[in-house]
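The values are calculated or read from the model by the stated rules, or taken from the named source; none is laboratory data. In this text the structure is predicted, and so the values were computed from the model without any measurement. Note: ideal-geometry Cβ built from the backbone for every residue, glycine included; neighbour counts use all protein chains shown.
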Amino acid sequence: MKKLLLPFALVVTMAYSGEQFAMSDADKAMYEEMLENNPADIYVESGGELFEELGGEEALIKFLGTTEKELPKYIAGFPRYIKKLGNVVGIDQVLQAMQVEQGKKATKLKSEDMFSMLAYVKSLANDEQFTIDITADKHIKASYALGKKTFDTPRGGRGLSCLSCHSKDIVGMILRTQPLPDLGEAGAGATWPAYRMTKSSLRSIQRRFQGCMNNALLKVIPIGSKEMVGLEVYISTLAQEKKKAIAIPGLKR
Amino acid sequence: MYKKMTRITCIAVFLSASTLLNATDLTKAYSMPDASKMIEKDLLKPAQKFTMPKECVSTDKDSLARGEYIFHNLNGKKAKATPPTGLAKFIEKKDKNGKVVKKPKQYGNCVACHNIEDAKGGGNIGPDLSNYKTIFMDTKVRDNAFVYQKIADARIDVPNTHMTINLTTGLFNEQEICDLTSYIVSEKK
(Lines give C-alpha, C1' and ligand atoms only; values in the text may rest on other atoms or scores of the structure.)
Protein backbone atom coordinates (compact mmCIF):
# COMPACT_ATOMS: atom_id res chain seq x y z
CA MET A 1 0.00 0.00 0.00
CA LYS A 2 2.69 2.40 1.13
CA LYS A 3 4.72 1.55 -1.95
CA LEU A 4 1.84 2.41 -4.19
CA LEU A 5 0.92 5.60 -2.41
CA LEU A 6 4.32 7.22 -2.50
CA PRO A 7 4.75 7.50 -6.27
CA PHE A 8 1.18 8.68 -6.51
CA ALA A 9 1.78 11.43 -3.94
CA LEU A 10 4.94 12.33 -5.79
CA VAL A 11 3.16 12.71 -9.10
CA VAL A 12 0.60 14.97 -7.46
CA THR A 13 3.19 17.22 -5.77
CA MET A 14 5.24 17.40 -8.92
CA ALA A 15 2.21 18.35 -10.94
CA TYR A 16 1.43 21.10 -8.48
CA SER A 17 4.98 22.38 -8.17
CA GLY A 18 5.18 22.32 -11.93
CA GLU A 19 2.85 25.30 -12.01
CA GLN A 20 4.97 27.39 -9.68
CA PHE A 21 8.51 26.29 -10.38
CA ALA A 22 9.20 24.81 -13.75
CA MET A 23 11.45 21.83 -13.10
CA SER A 24 13.93 20.64 -15.66
CA ASP A 25 14.13 16.92 -16.32
CA ALA A 26 17.49 16.85 -14.58
CA ASP A 27 16.00 18.57 -11.51
CA LYS A 28 13.12 16.12 -11.47
CA ALA A 29 15.50 13.21 -11.56
CA MET A 30 17.51 14.69 -8.67
CA TYR A 31 14.36 15.34 -6.68
CA GLU A 32 13.22 11.76 -7.07
CA GLU A 33 16.61 10.52 -6.07
CA MET A 34 16.69 12.76 -2.96
CA LEU A 35 13.31 11.39 -1.89
CA GLU A 36 14.60 7.87 -2.04
CA ASN A 37 18.00 8.52 -0.50
CA ASN A 38 18.14 11.05 2.30
CA PRO A 39 21.64 12.51 1.88
CA ALA A 40 22.68 11.69 5.45
CA ASP A 41 21.81 8.03 5.06
CA ILE A 42 24.20 7.58 2.17
CA TYR A 43 27.07 8.77 4.36
CA VAL A 44 26.08 6.56 7.28
CA GLU A 45 25.80 3.60 4.97
CA SER A 46 29.24 4.14 3.51
CA GLY A 47 30.52 4.65 7.06
CA GLY A 48 29.10 1.24 7.91
CA GLU A 49 30.97 -0.32 4.99
CA LEU A 50 34.26 1.24 6.08
CA PHE A 51 33.61 0.03 9.62
CA GLU A 52 33.03 -3.52 8.31
CA GLU A 53 36.52 -3.43 6.80
CA LEU A 54 37.77 -3.03 10.38
CA GLY A 55 35.86 -6.09 11.52
CA GLY A 56 32.66 -4.28 12.42
CA GLU A 57 30.87 -4.52 15.72
CA GLU A 58 32.62 -7.73 16.72
CA ALA A 59 36.04 -6.12 16.44
CA LEU A 60 34.86 -2.99 18.25
CA ILE A 61 33.38 -5.00 21.13
CA LYS A 62 36.68 -6.82 21.48
CA PHE A 63 38.72 -3.64 21.27
CA LEU A 64 36.64 -1.91 23.93
CA GLY A 65 36.36 -5.00 26.13
CA THR A 66 32.59 -4.85 26.32
CA THR A 67 29.73 -7.15 25.28
CA GLU A 68 27.25 -7.09 22.44
CA LYS A 69 24.46 -6.32 24.88
CA GLU A 70 26.34 -3.48 26.56
CA LEU A 71 27.73 -1.93 23.37
CA PRO A 72 25.02 0.71 22.78
CA LYS A 73 25.24 2.00 26.36
CA TYR A 74 29.02 1.90 26.15
CA ILE A 75 29.02 3.97 22.94
CA ALA A 76 26.60 6.40 24.62
CA GLY A 77 29.35 7.06 27.17
CA PHE A 78 31.77 8.63 24.65
CA PRO A 79 33.96 10.66 24.85
CA ARG A 80 35.39 8.50 27.63
CA TYR A 81 38.66 7.42 29.18
CA ILE A 82 40.14 4.41 27.39
CA LYS A 83 42.98 3.03 29.44
CA LYS A 84 44.99 1.48 26.60
CA LEU A 85 44.80 4.77 24.68
CA GLY A 86 45.83 6.74 27.77
CA ASN A 87 43.32 9.55 27.25
CA VAL A 88 39.71 10.59 27.16
CA VAL A 89 38.97 10.07 23.46
CA GLY A 90 36.18 10.26 20.94
CA ILE A 91 34.84 7.31 18.94
CA ASP A 92 36.80 8.61 15.93
CA GLN A 93 40.08 8.25 17.82
CA VAL A 94 39.16 4.70 18.87
CA LEU A 95 38.58 3.88 15.20
CA GLN A 96 42.02 5.28 14.34
CA ALA A 97 43.64 3.13 17.03
CA MET A 98 41.85 0.05 15.69
CA GLN A 99 43.14 0.83 12.22
CA VAL A 100 46.71 1.22 13.44
CA GLU A 101 46.48 -1.97 15.50
CA GLN A 102 45.42 -3.82 12.35
CA GLY A 103 48.36 -2.39 10.45
CA LYS A 104 46.17 -0.04 8.43
CA LYS A 105 46.62 3.64 7.86
CA ALA A 106 44.62 5.81 10.27
CA THR A 107 41.86 7.80 8.55
CA LYS A 108 42.25 11.55 9.16
CA LEU A 109 39.96 12.86 11.90
CA LYS A 110 38.84 15.73 9.68
CA SER A 111 37.69 13.71 6.68
CA GLU A 112 34.41 12.66 5.14
CA ASP A 113 35.30 8.99 5.64
CA MET A 114 35.88 9.51 9.35
CA PHE A 115 32.70 11.58 9.83
CA SER A 116 30.77 8.79 8.07
CA MET A 117 32.30 5.99 10.13
CA LEU A 118 31.79 7.98 13.32
CA ALA A 119 28.15 8.56 12.41
CA TYR A 120 27.63 4.86 11.77
CA VAL A 121 29.20 3.75 15.04
CA LYS A 122 27.43 6.40 17.12
CA SER A 123 24.13 5.43 15.46
CA LEU A 124 24.52 2.00 17.09
CA ALA A 125 23.56 3.86 20.28
CA ASN A 126 20.44 5.45 18.76
CA ASP A 127 17.54 5.84 21.22
CA GLU A 128 19.94 5.56 24.16
CA GLN A 129 20.54 8.46 26.49
CA PHE A 130 24.12 9.50 27.15
CA THR A 131 25.83 7.50 29.90
CA ILE A 132 28.70 9.89 30.53
CA ASP A 133 29.83 9.82 34.15
CA ILE A 134 32.05 12.81 34.78
CA THR A 135 32.93 11.50 38.23
CA ALA A 136 34.01 8.06 36.93
CA ASP A 137 37.75 8.82 37.04
CA LYS A 138 40.13 11.74 37.25
CA HIS A 139 40.66 11.74 33.49
CA ILE A 140 37.04 12.37 32.54
CA LYS A 141 36.74 14.86 35.37
CA ALA A 142 39.68 16.81 33.94
CA SER A 143 38.35 16.54 30.39
CA TYR A 144 34.96 17.93 31.40
CA ALA A 145 36.63 20.76 33.30
CA LEU A 146 38.85 21.59 30.30
CA GLY A 147 35.82 21.52 28.00
CA LYS A 148 33.86 23.88 30.20
CA LYS A 149 36.86 26.18 30.51
CA THR A 150 37.34 26.18 26.73
CA PHE A 151 33.64 27.02 26.35
CA ASP A 152 33.82 29.91 28.81
CA THR A 153 37.12 31.48 27.69
CA PRO A 154 36.87 34.65 25.57
CA ARG A 155 39.43 34.91 22.81
CA GLY A 156 39.98 35.78 19.17
CA GLY A 157 39.53 38.89 17.09
CA ARG A 158 36.27 39.90 18.75
CA GLY A 159 36.98 38.73 22.29
CA LEU A 160 34.09 36.26 22.25
CA SER A 161 33.66 32.91 24.00
CA CYS A 162 31.16 30.16 23.19
CA LEU A 163 29.35 31.38 26.29
CA SER A 164 28.97 34.87 24.77
CA CYS A 165 26.35 33.41 22.44
CA HIS A 166 25.31 30.23 24.25
CA SER A 167 24.60 31.36 27.79
CA LYS A 168 21.19 30.68 29.33
CA ASP A 169 20.16 34.35 29.50
CA ILE A 170 20.17 34.90 25.72
CA VAL A 171 18.66 31.64 24.45
CA GLY A 172 16.06 32.40 21.78
CA MET A 173 17.39 35.89 21.11
CA ILE A 174 18.21 36.71 17.53
CA LEU A 175 21.74 36.87 16.19
CA ARG A 176 21.57 38.08 12.61
CA THR A 177 18.23 36.38 11.80
CA GLN A 178 19.16 33.17 13.66
CA PRO A 179 17.60 32.34 17.04
CA LEU A 180 20.27 31.27 19.54
CA PRO A 181 19.72 27.61 20.47
CA ASP A 182 19.81 26.14 23.95
CA LEU A 183 22.50 23.57 23.24
CA GLY A 184 21.06 21.14 25.83
CA GLU A 185 17.44 21.49 24.76
CA ALA A 186 18.47 21.28 21.09
CA GLY A 187 20.15 17.99 21.99
CA ALA A 188 23.24 19.15 20.10
CA GLY A 189 25.43 16.43 21.64
CA ALA A 190 22.94 13.73 20.66
CA THR A 191 22.27 14.83 17.07
CA TRP A 192 25.75 15.14 15.54
CA PRO A 193 27.14 13.81 13.21
CA ALA A 194 24.45 15.52 11.20
CA TYR A 195 23.80 16.46 7.62
CA ARG A 196 24.25 20.23 7.43
CA MET A 197 22.09 21.50 4.59
CA THR A 198 23.87 24.85 4.31
CA LYS A 199 27.16 22.95 3.82
CA SER A 200 25.73 20.03 1.82
CA SER A 201 27.71 17.52 3.83
CA LEU A 202 27.76 15.30 6.89
CA ARG A 203 29.76 16.82 9.73
CA SER A 204 30.78 15.81 13.25
CA ILE A 205 30.09 17.91 16.31
CA GLN A 206 33.73 18.94 16.61
CA ARG A 207 33.57 20.11 13.00
CA ARG A 208 30.45 22.11 13.99
CA PHE A 209 32.39 23.71 16.86
CA GLN A 210 34.98 24.76 14.29
CA GLY A 211 32.23 26.47 12.31
CA CYS A 212 31.25 28.64 15.26
CA MET A 213 34.90 29.40 16.01
CA ASN A 214 35.50 30.43 12.42
CA ASN A 215 32.41 32.65 12.26
CA ALA A 216 33.13 34.36 15.55
CA LEU A 217 36.85 34.84 14.75
CA LEU A 218 38.12 32.49 17.45
CA LYS A 219 41.29 30.72 16.33
CA VAL A 220 40.03 27.40 14.98
CA ILE A 221 41.54 24.59 17.06
CA PRO A 222 42.11 21.10 15.62
CA ILE A 223 39.64 18.21 15.88
CA GLY A 224 40.82 15.60 18.36
CA SER A 225 42.73 18.02 20.60
CA LYS A 226 42.14 17.64 24.35
CA GLU A 227 40.16 20.89 24.27
CA MET A 228 37.88 19.69 21.44
CA VAL A 229 37.26 16.33 23.13
CA GLY A 230 36.54 18.23 26.36
CA LEU A 231 34.08 20.49 24.55
CA GLU A 232 32.32 17.40 23.19
CA VAL A 233 32.12 15.92 26.71
CA TYR A 234 30.69 19.18 28.02
CA ILE A 235 28.12 19.66 25.24
CA SER A 236 27.11 15.98 25.42
CA THR A 237 26.42 16.28 29.17
CA LEU A 238 24.10 19.21 28.40
CA ALA A 239 22.00 16.86 26.23
CA GLN A 240 22.28 14.19 28.91
CA GLU A 241 20.88 16.56 31.56
CA LYS A 242 17.88 17.20 29.31
CA LYS A 243 17.48 13.44 28.77
CA LYS A 244 17.85 13.73 25.01
CA ALA A 245 18.21 10.38 23.29
CA ILE A 246 20.92 9.85 20.70
CA ALA A 247 19.50 10.20 17.17
CA ILE A 248 22.12 9.87 14.43
CA PRO A 249 22.31 11.17 11.75
CA GLY A 250 20.84 14.55 12.64
CA LEU A 251 19.58 16.95 10.01
CA LYS A 252 20.49 20.62 10.44
CA ARG A 253 19.77 23.84 8.66
CA MET B 1 49.46 -38.02 22.24
CA TYR B 2 52.83 -36.42 21.58
CA LYS B 3 51.57 -35.00 18.36
CA LYS B 4 48.59 -33.53 20.10
CA MET B 5 50.82 -31.93 22.72
CA THR B 6 52.92 -30.09 20.17
CA ARG B 7 49.83 -28.88 18.48
CA ILE B 8 48.57 -27.42 21.73
CA THR B 9 51.95 -25.86 22.50
CA CYS B 10 52.07 -24.48 19.01
CA ILE B 11 48.70 -22.87 19.48
CA ALA B 12 49.72 -21.59 22.90
CA VAL B 13 52.89 -20.07 21.52
CA PHE B 14 51.00 -18.55 18.64
CA LEU B 15 48.39 -17.13 20.98
CA SER B 16 50.88 -15.56 23.35
CA ALA B 17 52.81 -14.15 20.41
CA SER B 18 49.70 -12.52 19.03
CA THR B 19 48.77 -11.15 22.44
CA LEU B 20 52.25 -9.67 22.55
CA LEU B 21 51.60 -8.11 19.18
CA ASN B 22 48.25 -6.86 20.38
CA ALA B 23 49.87 -5.34 23.40
CA THR B 24 51.68 -2.82 21.17
CA ASP B 25 51.56 0.65 22.62
CA LEU B 26 48.36 2.24 21.38
CA THR B 27 48.79 5.52 23.20
CA LYS B 28 50.27 7.03 20.01
CA ALA B 29 48.00 5.20 17.58
CA TYR B 30 45.55 8.09 17.09
CA SER B 31 45.83 11.83 16.59
CA MET B 32 45.46 14.23 19.46
CA PRO B 33 46.95 17.50 18.19
CA ASP B 34 47.99 20.15 20.68
CA ALA B 35 45.70 23.17 20.86
CA SER B 36 46.83 24.68 24.14
CA LYS B 37 49.42 26.99 22.55
CA MET B 38 46.94 28.18 19.91
CA ILE B 39 44.47 29.08 22.64
CA GLU B 40 47.14 30.68 24.80
CA LYS B 41 48.08 33.08 21.98
CA ASP B 42 44.44 33.82 21.21
CA LEU B 43 43.33 34.81 24.74
CA LEU B 44 41.53 38.09 25.36
CA LYS B 45 43.55 40.67 27.30
CA PRO B 46 42.12 42.15 30.52
CA ALA B 47 39.56 44.94 30.27
CA GLN B 48 41.10 48.25 29.30
CA LYS B 49 39.97 51.84 29.82
CA PHE B 50 40.56 54.11 26.81
CA THR B 51 40.70 57.86 26.42
CA MET B 52 38.76 59.09 23.44
CA PRO B 53 41.13 60.88 21.03
CA LYS B 54 40.60 64.62 20.36
CA GLU B 55 38.21 65.44 17.52
CA CYS B 56 37.15 61.79 17.48
CA VAL B 57 33.43 62.26 17.01
CA SER B 58 32.56 64.34 13.95
CA THR B 59 29.93 64.88 11.30
CA ASP B 60 32.51 64.33 8.56
CA LYS B 61 30.77 62.63 5.64
CA ASP B 62 33.48 60.01 5.09
CA SER B 63 33.76 59.15 8.76
CA LEU B 64 29.99 58.64 9.05
CA ALA B 65 29.99 56.54 5.88
CA ARG B 66 32.79 54.35 7.25
CA GLY B 67 31.00 53.97 10.59
CA GLU B 68 27.81 52.94 8.84
CA TYR B 69 29.66 50.50 6.59
CA ILE B 70 31.52 48.86 9.48
CA PHE B 71 28.29 48.63 11.49
CA HIS B 72 26.33 46.84 8.78
CA ASN B 73 28.95 44.52 7.27
CA LEU B 74 30.80 41.44 8.46
CA ASN B 75 33.98 41.47 6.37
CA GLY B 76 35.42 42.44 2.99
CA LYS B 77 34.67 39.06 1.46
CA LYS B 78 30.97 39.15 2.36
CA ALA B 79 30.36 42.90 1.84
CA LYS B 80 28.72 43.69 -1.50
CA ALA B 81 28.89 47.49 -1.79
CA THR B 82 32.19 49.28 -2.39
CA PRO B 83 33.58 50.55 0.92
CA PRO B 84 33.69 54.35 1.46
CA THR B 85 36.87 56.44 1.25
CA GLY B 86 39.45 55.39 3.83
CA LEU B 87 38.23 51.83 4.25
CA ALA B 88 39.69 48.76 2.53
CA LYS B 89 38.02 45.49 1.51
CA PHE B 90 41.20 43.50 1.87
CA ILE B 91 44.30 44.02 3.95
CA GLU B 92 47.77 42.54 3.63
CA LYS B 93 49.04 40.44 6.48
CA LYS B 94 52.15 38.34 7.03
CA ASP B 95 51.45 34.64 7.47
CA LYS B 96 53.51 32.45 9.78
CA ASN B 97 56.26 32.03 7.18
CA GLY B 98 56.56 35.79 6.75
CA LYS B 99 54.87 35.72 3.34
CA VAL B 100 52.48 38.59 2.64
CA VAL B 101 48.92 37.39 2.08
CA LYS B 102 45.68 39.26 1.24
CA LYS B 103 42.98 38.83 3.84
CA PRO B 104 39.43 40.19 3.95
CA LYS B 105 39.21 43.22 6.22
CA GLN B 106 37.00 42.46 9.24
CA TYR B 107 34.14 44.86 9.97
CA GLY B 108 31.83 45.10 12.98
CA ASN B 109 28.70 43.21 11.94
CA CYS B 110 27.04 45.15 14.78
CA VAL B 111 23.60 44.49 13.17
CA ALA B 112 24.01 40.86 14.18
CA CYS B 113 23.04 41.98 17.69
CA HIS B 114 21.66 45.54 17.34
CA ASN B 115 18.81 47.10 15.49
CA ILE B 116 19.43 50.61 14.09
CA GLU B 117 18.00 52.79 11.29
CA ASP B 118 17.88 50.85 7.97
CA ALA B 119 19.15 47.65 9.56
CA LYS B 120 18.54 44.50 7.49
CA GLY B 121 17.93 41.47 9.68
CA GLY B 122 19.09 43.21 12.84
CA GLY B 123 19.45 41.05 15.97
CA ASN B 124 18.19 41.74 19.48
CA ILE B 125 20.95 40.50 21.76
CA GLY B 126 22.13 44.07 22.26
CA PRO B 127 19.91 47.12 22.82
CA ASP B 128 18.15 48.79 19.90
CA LEU B 129 20.32 51.71 18.82
CA SER B 130 17.65 53.43 16.70
CA ASN B 131 17.00 57.08 17.54
CA TYR B 132 20.10 56.99 19.71
CA LYS B 133 20.69 60.73 19.40
CA THR B 134 17.21 61.73 20.54
CA ILE B 135 16.85 59.09 23.24
CA PHE B 136 20.36 58.97 24.72
CA MET B 137 22.47 61.92 23.59
CA ASP B 138 20.06 64.86 23.64
CA THR B 139 18.84 63.72 27.06
CA LYS B 140 22.45 63.44 28.26
CA VAL B 141 21.93 59.84 29.39
CA ARG B 142 25.03 59.01 27.37
CA ASP B 143 27.97 60.99 26.03
CA ASN B 144 30.49 60.39 23.24
CA ALA B 145 33.11 59.03 25.61
CA PHE B 146 30.67 56.41 26.92
CA VAL B 147 29.84 55.17 23.42
CA TYR B 148 33.54 55.19 22.44
CA GLN B 149 34.51 53.13 25.49
CA LYS B 150 31.56 50.75 24.99
CA ILE B 151 32.66 49.89 21.46
CA ALA B 152 36.35 49.81 22.36
CA ASP B 153 35.95 47.55 25.42
CA ALA B 154 32.46 47.05 26.85
CA ARG B 155 33.72 45.22 29.93
CA ILE B 156 34.58 48.44 31.78
CA ASP B 157 30.97 48.83 32.91
CA VAL B 158 29.56 45.36 32.06
CA PRO B 159 32.23 42.79 33.05
CA ASN B 160 30.44 39.77 31.53
CA THR B 161 29.05 41.53 28.47
CA HIS B 162 27.85 39.59 25.42
CA MET B 163 29.20 42.42 23.28
CA THR B 164 32.28 42.10 21.06
CA ILE B 165 35.56 43.70 22.23
CA ASN B 166 36.91 45.86 19.45
CA LEU B 167 39.93 47.95 20.46
CA THR B 168 41.63 45.81 23.14
CA THR B 169 41.66 42.95 20.60
CA GLY B 170 43.19 45.18 17.92
CA LEU B 171 40.35 44.33 15.53
CA PHE B 172 39.87 48.06 14.89
CA ASN B 173 42.05 51.11 15.32
CA GLU B 174 41.10 54.33 17.15
CA GLN B 175 39.90 55.98 13.94
CA GLU B 176 37.49 53.14 13.21
CA ILE B 177 36.08 53.26 16.75
CA CYS B 178 35.61 57.02 16.22
CA ASP B 179 33.83 56.35 12.89
CA LEU B 180 31.44 53.93 14.60
CA THR B 181 30.81 56.32 17.49
CA SER B 182 30.15 59.20 15.09
CA TYR B 183 27.68 57.08 13.15
CA ILE B 184 25.72 55.90 16.21
CA VAL B 185 25.35 59.34 17.82
CA SER B 186 24.56 61.08 14.53
CA GLU B 187 21.16 62.35 13.41
CA LYS B 188 19.84 59.78 10.90
CA LYS B 189 17.76 60.87 7.94
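Could you run through the stretch B:38-82 and say how many residues are among the small types (Gly, Ala, Ser) and either within 13 Å of chain A (Cβ to nearest Cβ) or touching a residue at least 40 places away in the same chain (Cβ under 8 Å) (or both)?
The number of residues fulfilling the criteria is 4.
Please pick out the residue among A:247, A:239, A:194 that is of a type in the set (A, V, I, L, M, F, W, C), within 30 Å of residue A:74 (Cβ to Cβ) and modelled with pLDDT of 95 or more.
A:239
Restricting attention to the stretch A:192-220, which residues are assigned to a loop (DSSP other than H, G, I, E, B) and more than 19 Å from residue A:91 (Cβ to Cβ)?
Within the stretch A:192-220, A:200, A:216, A:217, A:218, A:219, A:220 meet the criteria.
Condition first: away from chain B (no Cβ under 14 Å), without any contact (Cβ under 8 Å) to a residue 60 or more places away in the chain and in a loop (DSSP other than H, G, I, E, B). Can you find one or more residues in the stretch A:229-250 that meet it?
yes
Inside the stretch B:84-116, can you point out the residues that are at pLDDT 95 or above, within 14 Å of another protein chain (Cβ to nearest Cβ) and in a loop (DSSP other than H, G, I, E, B)?
Selection gives B:105, B:107, B:108, B:109, B:113, B:114, B:115, B:116.
For residue B:157, which of the numbered conditions (1) in contact with a Cys (Cβ under 9 Å, 6 or more places away or on another chain); (2) without any contact (Cβ under 8 Å) to a residue 40 or more places away in the chain fails to hold?
Failed condition: (1).
When you look at residue A:179, is it touching a Pro at 6+ places or on another chain (Cβ under 6 Å) and either more than 17 Å from residue A:132 (Cα to Cα) or crowded, with 20+ Cβ neighbours inside 10 Å (or both), yes or no?
no
For the stretch A:138-175, what are the residues that are closer than 17 Å to residue B:114 by Cα and more than 22 Å from the chain's Cα centre (by Cα)?
Within the stretch A:138-175, A:158, A:160, A:164, A:169, A:170, A:172, A:173, A:174, A:175 meet the criteria.
For (1) under 23 Å from residue A:217 (Cα atoms); (2) part of a loop (DSSP other than H, G, I, E, B); (3) at pLDDT below 95, each residue gets a yes or a no:
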{"position": "B:45", "(1), (2), (3)": "yes, yes, no"}
{"position": "B:53", "(1), (2), (3)": "no, yes, no"}
{"position": "B:64", "(1), (2), (3)": "no, no, no"}
{"position": "B:67", "(1), (2), (3)": "yes, no, no"}
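What number of residues within the stretch A:122-172 satisfy the criterion of being hydrophobic (A, V, I, L, M, F, W, C), under 17 Å from residue B:109 (Cα atoms) and in contact with a helix residue (DSSP H, G or I) (Cβ under 9 Å, 6 or more places away or on another chain)?
The total comes to 1.
Only one residue in A:147, A:189, A:172 is within 14 Å of another protein chain (Cβ to nearest Cβ), in a helix (DSSP H, G or I) and small (Gly, Ala, Ser), so which one is that?
Testing whether each residue is within 14 Å of another protein chain (Cβ to nearest Cβ), in a helix (DSSP H, G or I) and small (Gly, Ala, Ser) leaves just A:147.
Looking at A:223, A:248, A:140, which one is more than 27 Å from residue B:41 (Cα to Cα) and surrounded by 17 or more Cβ atoms within 10 Å (Cβ to Cβ)?
Checking each option against the conditions leaves just A:248.
Out of the residues in the stretch A:97-117 that are surrounded by 24 or more Cβ atoms within 10 Å (Cβ to Cβ) and touching a strand residue (DSSP E or B) at 6+ places or on another chain (Cβ under 9 Å), state the one that is farthest from the other protein chains (Cβ to nearest Cβ).
Here the residue is A:116.
Can you name the residue in the stretch A:126-148 that is in contact with a strand residue (DSSP E or B) (Cβ under 9 Å, 6 or more places away or on another chain) and small (Gly, Ala, Ser) and, of all such residues, is farthest from residue A:56 (Cα to Cα)?
In this case the residue turns out to be A:142.
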